[in-house]
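Shown next, in structure tokens, is the structure this report addresses.
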Ligand SMILES: C[S@@+](CC[C@H](N)C(=O)[O-])C[C@H]1O[C@@H](n2cnc3c(N)ncnc32)[C@H](O)[C@@H]1O
């Protein structure tokens, strides 16, 4: 089988300096901001798996139900015997395994290429997949999907099926979501397919509870970003002096996570040779989780150069996996 050429790249000094540069830039801005992609070190990966198992985090169950009940339809929509299955931000692949199992049962000729910024999660995923399905072609690639997408341009004429699950698209502002999707579209041909998971607007209480669980797992996940800066960049954030804060705006659909400084304080980041000042109750913007409705999705698809082929919903209509092709 021909497939996309992908290889595992080990963590490099370049990656560490990019991390430092991004943290320095984010903490020098007004308001302060930290990129959510840095949540995912080994501890962050584990905490995210705990989040996915929380009863309040409906997103995983809703998308799991869609893929489980509609996997045959997805294979029909692919409509090709041979294809490359490329996943952006694959994580632990829990839901994707439903598709992999079904595609293998149906004897589809495909190669799976999970892309993720976390080398740790990719190593776990690869060994898990090899144990379960030794016959599966699996070629992971570690890195930022913005950069790695460019490698996809080197590919050949096998149909590409690109997955972007888990409402990852919601981490982008509307403008960045469109630019990102246009970028993905640049590496797609007419016959290729894109499946994007969107979290839908719903009861605000349901949404807020998913990001503000009483057990404090989401708070620990967000605050781990400061711990990671302490570990990797020799910083002295005192975690007891910061708190997690979550908001949901039912008009715009924006769910936002903040880390708030509970006191006037200074934090030294040794590796950057810099000290940052935090006023009492100053907030760091750490993550956007944008909720959509169907007209917003259709508009986004159109303006990014796609058309919606089919929307696949769970029974409660909490979530949609939207299947697109290029216009
Ligand atoms: C919210 S998790 C979702 C995982 C999986 N798609 C799911 O639906 O369960 C996001 C995943 O995307 C990865 N990720 C986040 N930003 C990324 C980026 N810019 N490039 C590559 N991977 C990224 C994270 O490491 C993490 O594993």
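Values for this structure:
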read-out	value
Residue in region 90-100 that is at pLDDT 95 or above, assigned by TED's automatic domain parsing to the domain that holds residue 311 and more than 25 Å from residue 292 (Cβ to Cβ) present	yes
Among (1) more than 9 Å from the ligand (Cβ to nearest atom); (2) over 14 Å from residue 90 (Cα atoms) - the single one residue 171 does not satisfy	(1)
Counted residues, region 182-204 - those being closer than 26 Å to residue 61 by Cβ and surrounded by 21 or more Cβ atoms within 10 Å (Cβ to Cβ)	8
Single unsatisfied condition, residue 175 versus (1) touching a residue at least 24 places away in the same chain (Cβ under 8 Å); (2) within 21 Å of the chain's Cα centre (by Cα); (3) on the phi < 0 side of the Ramachandran plot	(1)
Flag for residue 177 being closer than 30 Å to residue 310 by Cβ, at pLDDT 95 or above, assigned by TED's automatic domain parsing to the domain that holds residue 63 and in a helix (DSSP H, G or I)	yes
Residue match in region 72-83 (condition: assigned to a helix (DSSP H, G or I), at pLDDT 95 or above and within 11 Å of the ligand (Cβ to nearest atom))	no
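Quick grid of which residues meet (1) within 15 Å of the chain's Cα centre (by Cα); (2) without any contact (Cβ under 8 Å) to a residue 40 or more places away in the chain; (3) more than 13 Å from the ligand (Cβ to nearest atom):
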residue: 114; (1), (2), (3): yes, yes, no
residue: 122; (1), (2), (3): yes, no, no
residue: 130; (1), (2), (3): no, yes, yes
residue: 142; (1), (2), (3): yes, no, no
residue: 150; (1), (2), (3): no, yes, no
residue: 159; (1), (2), (3): no, no, yes
residue: 163; (1), (2), (3): yes, no, no
residue: 187; (1), (2), (3): no, yes, yes
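To keep it simple, each residue is scored yes or no on (1) closer than 20 Å to residue 41 by Cα; (2) touching a helix residue (DSSP H, G or I) at 6+ places or on another chain (Cβ under 6 Å).
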| residue | (1), (2) |
| --- | --- |
| 107 | no, no |
| 121 | yes, yes |
| 124 | yes, no |
| 147 | yes, no |
| 166 | yes, no |
| 208 | no, no |
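The values are calculated or read from the model by the stated rules, or taken from the named source; none is laboratory data. On a predicted model such as this, the values are computed, not experimentally measured, just so you know. No Cβ is skipped: glycine too gets one built from the backbone with ideal geometry, and neighbour counts run over all protein chains shown.
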